[in-house]
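Beneath this line is the structure, given in structure tokens, with notes to follow.
The values are calculated or read from the model by the stated rules, or taken from the named source; none is laboratory data. Given the structure is predicted, the values throughout are model-derived calculations rather than measurements. Don't worry about glycine lacking a Cβ; one is built from the backbone with ideal geometry, like all the others, and counts go over all protein chains shown.
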Amino acid sequence: MSRLSGSRWSVVSLLVISTFLGTWVSGGRITSLFEPRHVVAQADPAFGSGTVNPATAETELLNALGSLAGAQLYSTYISIGAIADCYGNKSYSPEKVQALMESFDKVLETVKTRLVALNGKLSSADDQAFTVEMVAILELLQQESRHLAQYSRTSEEADFKAYEQTRTMVWPKIQKVLGLQ
């Protein structure tokens, strides 16, 4: 049996945990999923009745982006772990693992590129710091996926250790960003 089998939570446990998550990242700030949000299209006296306040619209856009980015981190981490379990249990071939990890790598690279481009346009230092932190975590997830792909190619202990080290390094960072600690 592979070293990867049983190294992660079961899919059922993950579904239960994700069902009960009560916090997400929102524009660089941790907020509850159940917290009331601003209504973007509300009347704003400064802009006349029925107009959208650009500052409120930007805040809502950044809140949505932060939520999506947090979900991306969490989902990617869980998916890589589930694929590792499938490989460890011999449900996935090395070729399938490598193809999936290559797909993750491309998606993560695109998201990183977009966040870096966005970061230069953000006016808030907090929002800039948040995107820098997100990019760093995305890079670690890329490393994790690359190490898993490499391990599936070689079955070498050193490649497994590299995968495991990156996996254990990235999770606390994701927990911190999502407020799961």
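Here are some conditions: (1) surrounded by 21 or more Cβ atoms within 10 Å (Cβ to Cβ); (2) outside any helix (DSSP H, G or I); (3) of a type outside the set (Val, Ile, Thr). Gln181 meets all but one. Which one does it not meet?
(1)
Looking at Lys161, Lys90, which is the one that is more than 30 Å from Leu61 (Cβ to Cβ) and not in a helix (DSSP H, G or I)? Spell out the reasoning first.
Working: Lys161 fails: not in a helix (DSSP H, G or I).
One residue alone meets the criteria, Lys90.
Out of the residues in the range 148-158 that are assigned to a helix (DSSP H, G or I) and of a type in the set (Gly, Ala, Ser), which is surrounded by the fewest Cβ atoms within 10 Å (Cβ to Cβ)?
Ala158
Any residue at all in the range 127-140 that is in contact (Cβ under 8 Å) with a residue 12 or more places away in the chain, more than 19 Å from Gln72 (Cβ to Cβ) and of a type outside the set (Val, Ile, Thr)?
No, there is no match, as no residue in the range 127-140 is in contact (Cβ under 8 Å) with a residue 12 or more places away in the chain, more than 19 Å from Gln72 (Cβ to Cβ) and of a type outside the set (Val, Ile, Thr).
Could you say whether any residue in the range 90-100 is within 30 Å of Phe160 (Cβ to Cβ) and within 16 Å of the chain's Cα centre (by Cα)?
Among the residues of the range 90-100, not one is within 30 Å of Phe160 (Cβ to Cβ) and within 16 Å of the chain's Cα centre (by Cα), which makes the answer no.
In the range 124-147, is there at least one residue being closer than 20 Å to Lys90 by Cβ and in a helix (DSSP H, G or I)?
For the range 124-147, residues closer than 20 Å to Lys90 by Cβ and in a helix (DSSP H, G or I): present.
With under 27 Å from Lys176 (Cβ atoms) and in contact with a Gly (Cβ under 9 Å, 6 or more places away or on another chain) as the only criterion, which of Thr131, Thr110 stands out?
Only one candidate qualifies: Thr131.
Just to verify a result, which residue in the range 156-181, among those that are under 18 Å from Ala69 (Cα atoms) and touching a residue at least 12 places away in the same chain (Cβ under 8 Å), is nearest to the chain's Cα centre (by Cα)?
Ile174
Just to check your reading of the model, which residue among Lys96, Lys106 is surrounded by fewer than 17 Cβ atoms within 10 Å (Cβ to Cβ), part of a helix (DSSP H, G or I) and in contact with a Cys (Cβ under 9 Å, 6 or more places away or on another chain)?
Lys96
Check whether at least one residue in the range 148-156 is among the hydrophobic types (A, V, I, L, M, F, W, C), under 18 Å from Leu178 (Cα atoms) and at pLDDT 95 or above, and report yes or no.
Looking for residues that are among the hydrophobic types (A, V, I, L, M, F, W, C), under 18 Å from Leu178 (Cα atoms) and at pLDDT 95 or above, one finds none in the range 148-156, hence no.
Considering only residues that are under 27 Å from Asn119 (Cβ atoms) and of a type in the set (S, T, N, Q), look in the range 159-178 and name the one that is surrounded by the fewest Cβ atoms within 10 Å (Cβ to Cβ).
Only one residue tops the list, namely Gln175.
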